[in-house]
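Just below is one structure, and these are the notes that go with it.
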Amino acid sequence: MERRVKLVAMDLDGTLLRDSEEVTERGRKALAAAMDRGILVVPATGRTYTQLPPAIRNGGMRYGILSNGAVIMDLLEKRPVWSGGIPVSTVLRLLKGVEPWDPIFDVFVDGCVFTEKRNLERLDDFGLPDSVKRLVLRTRYPVDDMEQFLRTLGTDKIPERLNLYCLEREPVCRYLESQAGLTVTTSLGGNVEVTGAGVGKAEALKTLAGLLEIPMEQTAAVGDNENDLTMIQAAGLGIAMGDGSREVRLAADWVTGTNREDGAAAALEKILCGSPFT
């Protein structure tokens with residue numbers, strides 16, 4: 001079978017995007033060259049559609065793997081191609097279960113992110129980078145009481161995923177991993193990301209590749225953190241950022257440069273010239 005890469009799943013934060021949420025000039029040129037060559041570059045991110053920066057949302061890319069794989073979006077037509085979710089009853093149980101650790105508890109519904117108002121006033125307590133705090137303040141919809149909000153959701157509104165910022169991440173992860181029907185991953189700092197069972201970036205990549213009739217051997221994935229791990233393992237070519245987590249770098253077929261070194265652009269350039277397979 002021809003090994004030419006036809007689809008590249010690309011993580012955003014810490015990978016393609018700088019802290020400023022911008023794509024570098026080299027990155028823009030590499031994206032344009034890949035798309036001109038007929039390669040589908042697919043952002044694969046924990047962000048929702050509304051959280052995508054203009055460079056991604058308006059960058060001409062056809063598909064996006066969003067909400068950590070809970071949604072596959074047609075970015076041009078602005079409609080979901082596929083979506084998974086977590087039942088409201090499960091989210092209510094988890095909200096109660098994590099109370100001892102009092103994390104920031106974000107709920108993703110219909111491409112929007114909801115959090116309690118009080119959480120926006122205590123971001124400094126969680127040691128979040130300034131870029132993350134800016135993103136949170138810009139994109140969260142505040143509610144007075146999360147339990148009440150969840151109980152008023154219509155039956156057609158199913159949470160896509162959860163995002164928790166924790167002062168004590170390990171006990172929160174142990175609790176969440178003990179609950180059936182969930183996929184639990186982590187990324188920066190005290191962040192914990194929760195999707196439904198069998199939902200994640202890897203599964204979304206496989207689903208999208210299947211819909212487009214692209215063999216997995218002709219896919220690549222680029223990422224830096226634990227929530228990219230299974231995607232990097234599933235792709236025909238797994239590429240880790242040079243400043244990515246140790247686990248991700250060990251699992252990858254190839255390690256590119258760091259975020260500051262434009263490692264994502266370098267990965268696309270190598271894919272374009274075929275050197276990862278030689």
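Within the range 33-57, which residues are part of a helix (DSSP H, G or I) and of a type outside the set (A, V, I, L, M)?
From the range 33-57, those part of a helix (DSSP H, G or I) are 33-36, 49-51, 54-57; that's our starting set.
Scanning the range 33-57 gives Asp36, Tyr49, Thr50, Gln51, Pro54, Arg57.
I'm trying to understand the selection: among the residues of the range 115-124, which are out of contact with any helix residue (DSSP H, G or I) (no Cβ under 6 Å at 6 or more places or on another chain), surrounded by 15 or more Cβ atoms within 10 Å (Cβ to Cβ) and of a type outside the set (Ser, Thr, Tyr)?
The answer is Asn119, and nothing else.
Filter the range 16-32 for residues that are charged (D, E, K, R) and touching a residue at least 40 places away in the same chain (Cβ under 8 Å) and give the result.
Residues satisfying the conditions are Arg18, Asp19, Glu21, Arg26, Lys29.
Quick grid of which residues meet (1) crowded, with 22+ Cβ neighbours inside 10 Å; (2) at pLDDT below 95; (3) assigned to a strand (DSSP E or B):
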residue	(1), (2), (3)
Arg3	no, yes, no
Val8	yes, no, yes
Glu21	no, yes, no
Arg28	no, no, no
Leu31	yes, no, no
Gly59	no, yes, no
Leu95	no, no, no
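For the subset of the range 217-234 comprising residues that are in a strand (DSSP E or B) and in contact with a Ser or Thr (Cβ under 9 Å, 6 or more places away or on another chain), which member is nearest to Ser245 (Cα to Cα)?
Step by step, filter the range 217-234, then rank; the result is Gly223.
Does the range 33-46 contain at least one residue that is in contact (Cβ under 8 Å) with a residue 60 or more places away in the chain, of a type in the set (Val, Ile, Thr) and more than 14 Å from Leu268 (Cα to Cα)?
The initial filter retains those residues of the range 33-46 that are in contact (Cβ under 8 Å) with a residue 60 or more places away in the chain, namely 33-34, 37, 39-42, 44, 46.
Next cut, of a type in the set (Val, Ile, Thr) only: 39, 41-42.
Then keep just the ones that are more than 14 Å from Leu268 (Cα to Cα); that gives none.
The answer is no, given that none of the residues of the range 33-46 is in contact (Cβ under 8 Å) with a residue 60 or more places away in the chain, of a type in the set (Val, Ile, Thr) and more than 14 Å from Leu268 (Cα to Cα).
For the range 173-205, give me the residue count where each residue is part of a loop (DSSP other than H, G, I, E, B), at pLDDT below 90 and closer than 22 Å to Ala220 by Cβ.
Summing the residues that are part of a loop (DSSP other than H, G, I, E, B), at pLDDT below 90 and closer than 22 Å to Ala220 by Cβ in the range 173-205 gives 1.
The values are calculated or read from the model by the stated rules, or taken from the named source; none is laboratory data. Keep in mind that what you see is a predicted model, and the values were worked out from it rather than measured. Don't worry about glycine lacking a Cβ; one is built from the backbone with ideal geometry, like all the others, and counts go over all protein chains shown.
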